[in-house]
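Undergrad: The structure's right below; bear with me while I get my questions together.
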Amino acid sequence: MTVKGVLFDFSGTLFRVESAVSWLTAALERTGVRMGEAEAAGTARRLEEAGALPGGAQPRCVPPHLTGAWAARDRSAEEHRAAYTGLAREVPLPRPGIYDALYERHMEPAAWRPYADAAGVLGELRQHGVRTAVVSNVGWDLRPVFQAHGLGAWVDAYALSFEHGVQKPDPRLFLAACQELGLAPGEVLMVGDDRRADGGAAALGCAVHLVDHLPVEERPAGLRPVLGLVG
């Protein structure tokens, strides 16, 4: 197979979200709420265990009243917000406004860090004439994150679940990305960190390559093998 295009997942593949402590700290500062270091660390841990940080750890247990919202969380902006703020509200916080501040914070470019090799790999793919797209289960427009971190120029297209009303592993989202690139699925490689979600591209005939969802510091060159896969 000659690879003419590469689809990339967003969270855990090209970018990594900030720590739960950093996320909570930013929301507390925005709402003017003070919290001691130990209390903040404990609260951040409980929020993380609840799965309230988008792009962070999965919930240890989804409450029954949120199972529907959680299953459909990436199909629309409204469902995404409802699912994640619902999970956050399972953790008591000193002021109601903090829940909205937490959700707003995770959409800011400052909440995300690109993996060290992301820009280099995207740039080399462009130099070799390989088209690229971002295919993400997400409830908000992540294009500003790419622009703010200098990666936007290297991405040809975006297929975001909330804009299409379907979420990975539904093949329709991968097909939309292939069509945006003007390529057949058999000419495309999908790169992601989730075997189930990103592996859905295989149903279309795309090749699939998985990377480890690790902290930025622990995965300095995890995307470099992609360059070898496209020849």
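The values are calculated or read from the model by the stated rules, or taken from the named source; none is laboratory data. Not measured: the values here are computed from a predicted model. Neighbour counts run over all protein chains shown; Cβ positions are idealised from the backbone, glycine included. The area values use the complete protein model at the heavy-atom level, side chains included, leaving out ligands, DNA and RNA. Shrake-Rupley method; radii C 1.70, N 1.55, O 1.52, S 1.80 Å.
Undergrad: Using the basic label-point model (7 angstrom from Cα toward the beta carbon), what is the Glu124 to Ala71 distance in nanometres?
TA: Here the answer is 4.3 nm between the modelled labels.
Undergrad: Please compute the modelled spin-label separation between Thr85 and Val216, points set 7 Å along Cα→Cβ, answer in nm with one decimal.
TA: Inter-label distance under the simple model: 2.8 nm.
Undergrad: Can you report the principal axis dimensions of the chain using only the alpha carbons, biggest first, rounded to whole angstrom?
TA: 55, 33, 25
Undergrad: Still on this structure: Give me the 1.4 Å probe accessible area per residue for the stretch 109-231, excluding ligands and nucleic acids, in Å².
TA: It amounts to 42 Å² per residue over the stretch 109-231.
Undergrad: May I ask you to give the percent of accessible area on the stretch 17-111 that is carbon plus sulfur, with a probe radius of 1.4 Å?
TA: The nonpolar share, carbon plus sulfur, comes to 52 percent.
Undergrad: Another question, then. Just grab the label-to-label distance for Arg196 and Glu29, each label 7 Å out from Cα along the Cβ direction, in nm (one decimal).
TA: Label at Arg196, label at Glu29, 3.6 nm between them.
Undergrad: Mind checking the dipole of the chain: about its Cα centre, +1 per Lys or Arg Cβ, -1 per Asp or Glu Cβ, Debye to the nearest 20?
TA: The calculated dipole for the chain is roughly 120 debye.
Undergrad: Among Val188, Val17, Val166, whose mean-square fluctuation peaks in a Gaussian network model of the chain (Cα, cutoff 10 Å)?
TA: Highest fluctuation among the options: Val166.
Undergrad: Apply the Karplus curve 6.51 cos²θ - 1.76 cosθ + 1.60, θ = phi - 60°, to the phi angles in the stretch 25-35 and return the couplings in whole Hz, x for Gly and Pro.
TA: Listing the rounded values in order: 4, 5, 5, 5, 4, 5, 9, x, 9, 9, 8 Hz.
Undergrad: Which value in deg cm²/dmol, rounded to the nearest 500, describes the helix-derived mean residue ellipticity at 222 nm for the chain, given -39,500 (n - 2.57) per DSSP H run of n ≥ 4 and division by the residue count?
TA: Dividing the helical sum by the residues of the chain leaves -11000 deg cm²/dmol.
Undergrad: Using per-residue counts of other Cβ atoms within 10 Å, averaged over each peptide, order 203-216, 169-182 from highest down.
TA: 169-182, 203-216
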